[in-house]
Amino acid sequence: MESLVQLTEPALPPALFRQLSRRVGALKGERLRHTYQTTFWYAFGPPQNVVEEVIHTLRPAVAKGRRIAGVEWWLSRMRATDVRVDFHQDRDERLALSTGKLVHPKRSSVLFLNRVRGGALAVTRELPSEGNPSLAPDRLEDLTLVAPRPNRLVVFDGTLTHGVLDADNQVPDGKLPGPSRERRTLVMNWWDHRPTDVPTWSETRYYRALAS
């Protein structure tokens with residue numbers, strides 16, 4: 001079966017990866033309940049925080065000559081026993097909600113910050129289905145799975161469906177019992193234009209612990 005993703009590991013120089021991991025850990029519970037709604041835009045100017053330094057470092061390999069205007073990024077922080085994101089396609093979220101129009105990034109990417117039980121990223125060409133738990137596609141035979149490993153980068157086409165499996169690497173269908181580590185990733189969508197109403201990090205007061 002053809003893999004739908006490109007893997008790079010280690011993706012970052014060790015010192016930069018350690019810095020990123022420490023700074024994300026220093027955020028503790030800041031906006032944890034709104035982690036997927038806390039997104040930022042970076043247009044490749046001088047880096048002002050460690051995430052922008054990471055994007056600057058990854059840009060040559062990920063963009064690869066494509067016409068990329070910038071990166072929309074956010075932190076995914078959750079436990080694989082309580083997955084908080086359904087299967088979906090990345091899109092200009094505010095545009096979709098206001099007009100119904102679907103516009104996708106050129107490339108989607110995830111940088112894993114730690115290792116957890118289960119919690120694999122699942123990528124597929126199949127569309128999400130509202131009739132299934134976590135909006136999982138009807139056909140699951142062609143999933144490409146990527147396990148969380150520190151400093152592992154996965155890149156895939158921005159139109160592809162993807163989701164997160166639970167701690168047993170099954171489609172999430174409710175909270176699982178028992179303890180689990182927080183699954184931490186940096187999500188980066190690579191766009192040829194700035195998505196609607198996404199602020200830069202410097203335009204907000206969020207995540208100051210990431211400052212360079």
Segment 44-56 - residue that is free of Cβ contacts under 8 Å to residues at least 24 places away in the same chain and either open to solvent by less than 60 Å² (accessible area, probe 1.4 Å) or part of a helix (DSSP H, G or I) (or both) and, of those, nearest to Arg33 (Cα to Cα): His56
Selection status of Glu141, at pLDDT 95 or above and not in a helix (DSSP H, G or I): no
Which listed residue, of Val187, Val171, Val116, is part of a strand (DSSP E or B) and either buried (at least 17 other Cβ atoms within 10 Å of the Cβ) or over 14 Å from the mean Cα position of the chain (by Cα) (or both): Val187
Flag if Leu111 is in contact with a helix residue (DSSP H, G or I) (Cβ under 8 Å, 6 or more places away or on another chain) and open to solvent by less than 10 Å² (accessible area, probe 1.4 Å): yes
Subset of segment 1-25 that is within 20 Å of Val154 (Cβ to Cβ) and among the polar types (S, T, N, Q) - its residue that is surrounded by the fewest Cβ atoms within 10 Å (Cβ to Cβ): Ser3
Criterion violated by Thr159 - all others in (1) among the β-branched types (Val, Ile, Thr); (2) farther than 26 Å from Leu27 by Cα; (3) surrounded by 21 or more Cβ atoms within 10 Å (Cβ to Cβ) satisfied: (3)
Segment 26-36 - residue that is in contact (Cβ under 8 Å) with a residue 12 or more places away in the chain and part of a helix (DSSP H, G or I) and, of those, surrounded by the most Cβ atoms within 10 Å (Cβ to Cβ): Thr35
Conditions (1) without any contact (Cβ under 8 Å) to a residue 12 or more places away in the chain; (2) within 25 Å of Phe17 (Cα to Cα); (3) of a type outside the set (Phe, Trp, Tyr): number failed by Leu145: (1)
Yes/no for Ser98 being surrounded by fewer than 17 Cβ atoms within 10 Å (Cβ to Cβ) and in a helix (DSSP H, G or I): yes
Selection count, segment 190-212, where residues are outside any helix (DSSP H, G or I), under 28 Å from Gln19 (Cα atoms), open to solvent by 40 Å² or more (accessible area, probe 1.4 Å) and of a type in the set (S, T, N, Q): 1
Close pairs (9 angstrom Cβ cut-off, 6 or more residues apart or separate chains): closer than 13 Å to Asp192 by Cα in segment 57-72, open to solvent by 40 Å² or more (accessible area, probe 1.4 Å) and assigned to a helix (DSSP H, G or I) anywhere: Ile68/Arg59; Val71/Arg59
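The values are calculated or read from the model by the stated rules, or taken from the named source; none is laboratory data. Remember, it's a predicted structure, so these values are computed and weren't measured experimentally. No Cβ is skipped: glycine too gets one built from the backbone with ideal geometry, and neighbour counts run over all protein chains shown. Keep in mind that these areas ignore ligands, DNA and RNA; they rest on the heavy atoms of the full protein, side chains included. Shrake-Rupley method; radii C 1.70, N 1.55, O 1.52, S 1.80 Å.
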